[in-house]
Every structure is written in structure tokens, then in C-alpha cells.
Amino acid sequence: MALQAALLPSTLSVPKKGNLATVVKDTAFLSVSQKKVSSLSVRAQVATAPVATPGSSTSSVDKKKTLRQGVVVITGASSGLGLAAAKALAETGKWHVVMACRDFLKAAKAAKSAGMAEGSYTILHLDLASLDSVRQFVDNFRRAGMPLDALVCNAAIYRPTARTPTFTADGYEMSVGVNHLGHFLLSRLLLDDLKKSDYPSRRLVILGSITGNTNTLAGNVPPKAGLGDLRGLAGGLSGPNSNGSAMIDGAEEFDGAKAYKDSKICNMLTMQELHRRFHEDTGITFASLYPGCIATTGLFREHIPLFRMLFPPFQKFVTKGFVSEAESGKRLAQVVSDPSLTKSGVYWSWNKDSASFENQLSREASDPEKARKLWEISEKLVGLA
Ligand code: LMG
Ligand code: NDP
Ligand code: PMR
């Protein structure tokens, strides 16, 4: 059913099951660019469209003068940074963007209202709060027959005022479950696809943040990030139904703001561990970044209204860390495709003139021993070990 439906534009998909929720779940991931191009014809486009682009200097393939269109998967491309980066990359004509989103209709509307050209993107269903959904996404992506040249782990949720945890389908605390564990499984599975790609500069990018780095002022605003000895994660990160804690460090009290910041440390540690384990053998570039404070995105949707009102002017005029969604999208697009950003294992940031530089991670966010331990526990939690 999946392959067959993949050939159909979403609007023509025939519901096979009775209720609407199931229909959306079953068909949304199969869907498709606005131009009603089938995934396979997208593949043909991808394979044939010769686009002149500056090659990177990391592989023999880049001796080619022309390059096929690249295919980039971006999670959480239905709003904020992910959408802005999707638009920036699609607009170059060098990239076909696979928008991996939990809400198909929202993503379709977002792409349209952002003015993304028909045929420049495909929407596939991915709910990072379910490891089954992650596996299903990978299957569907492979069935669509596209190569994978870059993966961007961008989606995230932030529950700033939550004092009680919520849980993913697999029973893990939601912020760490979505932001870290879902992406961890996705990256591990799609690594094989990146390895197979003949694209000259293949990249795996994971969003980090300044608030996960305690070597900065922003990282010292309470509650501070900290993974401790990872005992809560090792205990399964599930509050109500086990003796374990919902916090990575094993704290008794749940703190939604800290859980997000902790998840960002996990993202940055994972990028470095991927680099250590796979860069040399595969040539894949692993990178993370802090794109600036994009104070207007949906990330702050659960924050109190007063915060949402004051945060953008505070960042614009007081910290001067504010960056627009469009500018942040360009920054992320650079990390995906700029020929000068091929170095692996780097956490990128931008200075006041919007020039990129290699930033320094905090001690904890660059601790190799913690990264290894995090890797091993995460493997168990997502069923890879
Ligand atoms: C925790 O609070 C929450 O408890 C947790 O649930 C979670 O949300 C977490 O990290 C997320 O935050 C953290 C707490 C840290 O931060 C705050 O409470 C932020 C308050 C922000 C602003 C409040 C605005 C009040 C308005 C006052 C107006 C004054 C105007 C002055 C303007 C001056 C301009 C130069 O708290 C701390 O770390 C303590 C820090 C102490 C406060 C320092 C204040 C400095 C800056 C002020 C900012 C003001 C903003 C205004 C807007 C400007 C417009 C031009
Ligand atoms: P947004 O809330 O605008 O975007 C987050 C995206 O993640 C949305 O598309 C959302 O989908 C998606 N998402 C949430 N939960 C899931 C899920 N379970 N499965 C699949 N997708 C999901 O936030 P931002 O654009 O600000 O954040 C993007 C990234 O940038 C995050 O990794 C964040 O940590 C990072 N970042 C943001 C900063 C900022 O200042 N905003 C600063 C530093 C880093 P939906 O649209 O359906 O809700
Ligand atoms: Mg922060 C000094 C610079 C600076 C920067 C670049 C940020 C970024 N913040 C800075 C400073 C401060 N912040 C100061 C001085 C305060 C106390 C008033 C402050 C407060 C604050 C709050 C309450 N800031 C926040 C919050 C949030 O809820 C956001 C958060 O922590 O989300 C996890 C946030 C952020 N500040 C930032 C950035 C980028 C965020 C969004 C967080 C992220 O995605 O990591």
C-alpha cells in the first residue's frame, strides 16, 4: 500500500480505513510536493537535474563540474527555523527538501504560505514522539527512492512552565524523547543512507543551543542544564510508572525548562560522538550550531503570554542576540550546504556581522566520556542495543 500510495498526490489518496485520524496517519507520511509530483518522479528530477554548484574539497566525486540536486531531510520543517531553512535551501534550486513533519496539513500550509516553489519539496510524516513512527518514516523515505545527502535534526519541543512530565509513545519524558531520543534513532538509521550517497559533501546536522552551554551568560539563567551521571536516563526516563526519574540527572522534581536544556546538551554530545565514530571512515560531516536567538518562533508557544511579549524586544535591544527566522534559516542552510563549512565535529555560531565561527562548547557539552555513556544508554532506550 505504501509504495502505491507514494505515487499518488496526497489529495488523491483513497482512505483505506474508517476513521479520519487513521487516514491521516496512514497516508500523510506518503505525501508529496504541491506540484503533485510523485516521489519517484521527484527521484528522476533529483537524479537528472544538473545544477552547477561549487564542489566541496572532501571527495574525489567533487571533481565533477556539475552536481545533481541534493536531497535534504529536515525534521520539524513546519515552522520556525526548520521552515526558514527549507525555504532557503529550496530557493537555491540545488536542493530538494524533504519536510519531515508530524502534522502534514500544517506543513503543507506552511510551505505554501512561505512561498516555496511547487516541486521543490516533499512532505513525509514523522512523529519523533514515537519510535515506531521514526522507523516508519525511514521505511517510507527509502521506498520513495530518493538518495539522502543531508539530514537536519531540527524539530524540538520546549515546555518552559511544566512541573509535571508528559511522555512519548514509548514512555520517555517528552522533551528528551522528542529532541534527543527520536533524533538519535533517526540519525542512526539514516546514517546508512548517507553512507550510500554519492553526493560530494554529505552532512548530518543537529541543532544545539546556547542555553545548553553553561560557559555562556544565557546558559547560566536558571534552571541550568546538567546531565549529572545520567542515572535518570539510564533508569528509563519515565516518571509515573517506574521508580525512575523523568529527568536525565535523576532529580525527583520535574522541570520542563531544564529538560529542554538537557536535551540540547544531548544533541551536541551526540553530534560529537557521531563525529568520533563515523567521520573518518565515512567522510560525512557532522555539525551542530546555535543559530542565534530566534525569539519569535513556535518554540515559546507554551511560555506565559508576558514572556512571549517581552522576549523578542529583550533579545533585540538588551542582549542583542535576536535573529529573525529568515536569517536563522540562512545560517542553517549554510551549515547544510556552504562549501566552506565542511569541517566535521564543529559547533557553529555567528558573530554580530553574521559571519560564522567555530564556537566553544561548555565542558559538559564536550565531555567525550559523557558522550559515550549517553550513546550507550540511548542505544538501549531506542532498541538498537
Ligand atoms: C525560569 O525563570 C522559569 O522559572 C522557568 O519556568 C523557565 O521558564 C525558565 O529558562 C526558562 O525560566 C528564569 C528567570 C531567571 O527568568 C525570568 O524570570 C525572566 C524574566 C524576564 C523578564 C521579566 C520582565 C519584567 C519586566 C520588568 C521591566 C523592567 C525593565 C527594565 C528594562 C531594562 C533594560 C535595560 O531569572 C534570573 O535569572 C534572575 C535574573 C534577574 C533579572 C534580571 C533582569 C534583567 C533584565 C531585564 C529585562 C527586561 C526586559 C524587558 C524588556 C525590554 C524592552 C525594551
Ligand atoms: P518551532 O517550535 O518553531 O519549530 C519546532 C518544530 O519541531 C515544529 O515544526 C514542530 O512541529 C516540530 N516538532 C515538535 N514536536 C515534534 C514531534 N514530536 N515530531 C516531529 N516534529 C515535531 O521552534 P524553532 O524553530 O525555534 O526550533 C527549531 C530548532 O532550533 C530546535 O531544535 C531548537 O532547539 C533550536 N533552537 C531554537 C532557538 C530559538 O531561539 N528559537 C535557539 C537555539 C536553538 P509543529 O509545527 O507540528 O508543532
Ligand atoms: Mg535568555 C546574554 C544573552 C542572552 C542570550 C543570547 C539568550 C538566549 N539569553 C540571554 C540572556 C538572558 N536570558 C538573561 C539575562 C535572562 C534573564 C532575564 C534570560 C532569560 C531567559 C528566559 C526566561 N532566556 C530564555 C528564557 C527562556 O525561556 C528561553 C529558554 O531558556 O529556552 C530554553 C531563553 C533563551 N535565551 C536565549 C535563547 C536562545 C533562548 C531560547 C532557548 C533555546 O532555544 O535554547
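The values are calculated or read from the model by the stated rules, or taken from the named source; none is laboratory data. Predicted, not measured: the structure shown is a model, and the values here were computed from it. Cβ placement follows ideal geometry from the backbone for every residue including glycine, while neighbour counts extend to all protein chains displayed. Please note that ligands, DNA and RNA were not included when accessible areas were found on the heavy atoms of the full protein model with its side chains. Shrake-Rupley method; radii C 1.70, N 1.55, O 1.52, S 1.80 Å.
List of remarks:
- A simple spin-label model places pseudo-atoms 7 Å from Cα toward Cβ; at Gln360 and Asn215 they are separated by 0.5 nm.
- For segment 120-176, trypsin sites (Lys or Arg not before Pro) are listed when DSSP marks them as loop and at most 13 other Cβ atoms sit within 10 Å of their Cβ; the list is Arg163.
- Taking 0.36 nm per residue of sequence separation and removing the Cα-Cα distance, the Phe314/Thr282 pair yields an extension gain of 7.2 nm.
- For segment 70-382, the carbon plus sulfur part of the accessible surface works out to 52%, probe radius 1.4 Å.
- Computed from the Cβ-Cβ distance with R0 of 41 Å, the FRET efficiency linking Lys380 to Arg143 stands at 0.90.
- Based on protein heavy atoms only, segment 70-382 ends up with 39 Å² per residue of surface accessible to a 1.4 Å probe.
- Three-way shape label, segment 70-382, alpha-carbon gyration tensor, a/c 1.5: rounded
- The stretch between Ala169 and Arg372 holds 70.5 nm of extra length on full extension. This uses 0.36 nm per residue minus the Cα-Cα distance.
- Of Lys106/Lys343; Lys195/Lys258; Lys94/Lys224; Lys94/Lys196; Lys264/Lys330; Lys264/Lys316, pairs whose Cα-Cα distance is over 30 Å: Lys106/Lys343; Lys195/Lys258; Lys94/Lys224
- Distance (nanometres) between label positions extended 7 Å along Cα→Cβ at Leu105 and Ala326: 3.0
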